1. Quick one: Cα centre-to-centre distance for the range 159-175 and the range 19-77, in angstrom?
2. Sum up the lysine pairs in the chain that clear both bars: alpha-carbon distance under 16 Å and a spacing of 8 or more or different chains.
3. Nearest-5 percent of antiparallel DSSP beta bridges in the chain?
4. Count neighbours as other Cβ atoms within 10 Å of each site's Cβ, and list the trypsin sites (Lys or Arg not before Pro) in the range 161-253 that are DSSP loop with at most 16 such neighbours.
5. Can you sort THR126, THR236 by solvent-accessible area, 1.4 Å probe, largest first?
6. How large is log10 of I(q)/I(0) for the range 25-86 at q = 0.23, 0.27, 0.28 Å⁻¹ when the intensity is taken from the Debye formula with one equal scatterer per alpha-carbon?
7. What is the set of long-range amide H partners of THR194 at a cut-off below 5 Å, with H atoms built 1.01 Å from backbone N?
8. Exposed loop chymotrypsin sites (Phe, Trp or Tyr not before Pro) only (DSSP loop, at most 13 other Cβ atoms within 10 Å): please give the longest stretch of the chain free of them, not including the sites.
Amino acid sequence: MSATTTTKDESYLGVGKVWARLYGSTAAMRHVGNVSKLSIKQKLKTIDIKDYTKPGGGTRNKIERIDSVTVDMTWLEFMTENLVLACGGTSSNVPSATVATEPITFVKGGLIRLAHPITSVTEVKTGTTTYTEGTDYTVSAGGLFIPDSSTIVDATEGTVTYGHPTYDQVEAGTQMSTELEMFFEGLNEANSDTPMLVELWRVHMPPVDELALLTGSDNPAEMSFSSEALRDATKTAANASQFYRVRKVGAAV
């Protein structure tokens, strides 16, 4: 009687969503958007116990310990919460409003920055003289530009009345690291979209090394995080990992 061999294909091609919340929080998790890379790397520290009982030496025993568990991620969406993490900062929301007679100094040939992003300009003037948009000045999101042909006298003082939109303001470098609980809700496309669920209990998130706002290519900008999964001492159940847990659903036959 011949034996029957069953071959299982356990290939993995992952897609999925990355969710996060502050470590220790009980709030609902936030979807961080499109993520092109999520990689967990375990660095081991190996201790060799040498054999000194007889000539010739050799290794009598080996001990492996986890030295670190790193989590490398590439995020593709520049939502405010992601920018806060990338910049190591804090954020505040500024509601839309009208700014009346903000004082400015007119300088021809350069951009005059205003206190807020601009949606529309109502009035630009010096004293009782009101100037014309498109002739004496042009408007962009960042401020006013005074052309050399403008009737505005260079280096004079004036005012501008304008409206600004609701916007988020991120102050970089004000909170240099954050700890998150993270959850990867993955699917294995190579195995009928069966779930691959990964829970990272406590991820230390320093700011990114680079915030590439102009890339010189058509590729979207990225936020590349080099993070570390720290030990979570609250996970005390028998045989429970204090770093992360993988739940693999189903198996191909």
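The values are calculated or read from the model by the stated rules, or taken from the named source; none is laboratory data. Not measured: the values here are computed from a predicted model. Backbone-built Cβ (ideal geometry, glycine too); neighbour counts: all protein chains shown. Note: areas computed on protein heavy atoms with side chains; ligands, DNA, RNA excluded. Shrake-Rupley method; radii C 1.70, N 1.55, O 1.52, S 1.80 Å.
1. If you average the Cα positions of each part, the centres end up 40 Å apart.
2. Details: LYS8/LYS248; LYS17/LYS37; LYS17/LYS248; LYS43/LYS62; LYS45/LYS62; LYS50/LYS62; LYS108/LYS125.
Lysine pairs meeting the criterion: 7.
3. Numbers: 74 of 76 bridges.
Roughly 95 percent of the beta bridges in the chain run antiparallel, per DSSP.
4. Listed in order of number, the matching sites are ARG231, LYS235.
5. In descending accessible area the options line up as THR236, THR126.
6. Taken in order of the listed q values, log10 I(q)/I(0) reads -0.99, -1.09, -1.12.
7. For THR194, the qualifying residues are ASN188.
8. Numbers: sites that count: TYR12, TYR52.
Here the longest segment lacking exposed loop sites spans 53-253.
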